[in-house]
Amino acid sequence: MADRIGHAFADPGLLETALCHRSWCAENPGGHPNERLEFLGDAVLGSVVAEELYRAFPGADEGWLSRARATVVRATTLAETADELDLGSAIRLGKGEEATGGRRKPSILSDTLEAIIGAVHLDGGRDASRAVILRLLGDRIADASGEPGHLDDKSRLQEHVSR
């Protein structure tokens with residue numbers, strides 16, 4: 001899995017933890033679920049994407065930047081990226097999650113990708129996590145909902161209602 005994400009772990013235990021879903025840990029005492037790494041990865045991901053959008057779109061206002069960031073870091077985008085990496089095949093799942101198709105669930109895939117980003121950040125620091133994020137999501141950041149001013153349907157509705 002490390003080769004797919006583009007980071008050689010000095011501490012492979014971090015990657016192992018990132019791949020452990022809580023259902024697996026419930027059935028395997030002593031295992032550590034990836035939820036803490038997911039928390040960290042979510043924060044690192046949001047920060048890196050925000051910085052990249054800020055630099056890439058100097059004329060964009062705060063509202064557009066916020067919407068663009070949300071587009072890149074949303075669960076569906078992360079699940080698609082995780083699916084491209086075949087991350088589902090590497091996740092440790094409990095029998096119940098396995099039986100109900102957990103390897104294909106967008107929430108599990110996106111959460112695990114965030115956990116991996118957190119693991120990379122702890123293992124290699126900000127530069128390493130930034131490099132992995134840009135490698136995995138760089139095209140999506142560059143595309144970022146098209147041109148400044150473009151809104152998805154939900155954002156257009158929210159802006160209309162707020163007016």
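The values are calculated or read from the model by the stated rules, or taken from the named source; none is laboratory data. Quick caveat: nothing in here was measured; it's all calculated off a predicted structure. All Cβ positions, even for glycine, are placed from backbone atoms using ideal geometry, and neighbour counts span all protein chains on display. Calculation scope for accessible area: heavy atoms of the full protein, side chains included, ligands and nucleic acids excluded. Shrake-Rupley method; radii C 1.70, N 1.55, O 1.52, S 1.80 Å.
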* Count of residues meeting criterion [in a helix (DSSP H, G or I) and without any contact (Cβ under 8 Å) to a residue 12 or more places away in the chain] in region 46-95 -> 10
* Restricting the search to region 1-25, which residues are open to solvent by less than 60 Å² (accessible area, probe 1.4 Å) and farther than 17 Å from GLY88 by Cβ? -> GLY6, HIS7, PHE9, GLY13, LEU14, THR17, CYS25
* Among residues of region 24-75, those that are over 22 Å from SER129 (Cα atoms) and out of contact with any strand residue (DSSP E or B) (no Cβ under 9 Å at 6 or more places or on another chain), counted -> 12
* Structure fact -> Flagged in region 76-120 as polar (S, T, N, Q) and more than 11 Å from the chain's Cα centre (by Cα), in numbering order, are SER89, THR100
* **Residue match in region 46-61 (condition: of a type in the set (A, V, I, L, M), in contact with an Asp or Glu (Cβ under 8 Å, 6 or more places away or on another chain) and either open to solvent by 70 Å² or more (accessible area, probe 1.4 Å) or modelled with pLDDT of 95 or more (or both))** => no
* Sort out which residues of region 26-45 are part of a helix (DSSP H, G or I) and open to solvent by 20 Å² or more (accessible area, probe 1.4 Å), and write them in order of number. => ALA26, GLU27, GLU35, ARG36, GLU38, PHE39, LEU40, ASP42, ALA43
* Structure fact -> Of the conditions (1) among the hydroxyl-bearing types (Ser, Thr, Tyr); (2) surrounded by fewer than 22 Cβ atoms within 10 Å (Cβ to Cβ); (3) at pLDDT 95 or above, the single one that SER145 does not satisfy is (3)
